[in-house]
């Protein structure tokens, strides 16, 4: 294979991976949209609360992409990915920490 063909295959693979990632993300989002009633009942909250939570995802996605994209450009993709995983891990641990939750 020539260098041109190798580059073309790499670009095609990257485009396919990006499209499939977007497809899975869209599928996941729409599954949640179809389950708003079930989620509201399961978590004992109102439907508008569930919808507000889902809508807060839209402006936060591009902000996170911009932030971690800048970090990836500056420090490399691996470092940016590691920081992203550490951030989500920290948020998950803090979310489950009973001392930080409001008493019911």
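Please indicate, with yes or no, whether at least one residue in segment 38-50 is in contact with a helix residue (DSSP H, G or I) (Cβ under 6 Å, 6 or more places away or on another chain), under 21 Å from residue 25 (Cα atoms) and either free of Cβ contacts under 8 Å to residues at least 12 places away in the same chain or outside any helix (DSSP H, G or I) (or both). Looking through segment 38-50, at least one residue is in contact with a helix residue (DSSP H, G or I) (Cβ under 6 Å, 6 or more places away or on another chain), under 21 Å from residue 25 (Cα atoms) and either free of Cβ contacts under 8 Å to residues at least 12 places away in the same chain or outside any helix (DSSP H, G or I) (or both).
Pairs linking a residue in segment 61-73 that is farther than 14 Å from residue 83 by Cβ to a residue that is modelled with pLDDT of 90 or more and surrounded by 11 or more Cβ atoms within 10 Å (Cβ to Cβ), with Cβ atoms under 7 Å and 6 or more positions apart or on different chains, do not occur.
The values are calculated or read from the model by the stated rules, or taken from the named source; none is laboratory data. Bear in mind the structure is a predicted one, so any value in this text is a computation, not a measurement. Heads up, the Cβs are rebuilt from the backbone with ideal geometry, glycines too, and the neighbour counts pull from every protein chain shown.
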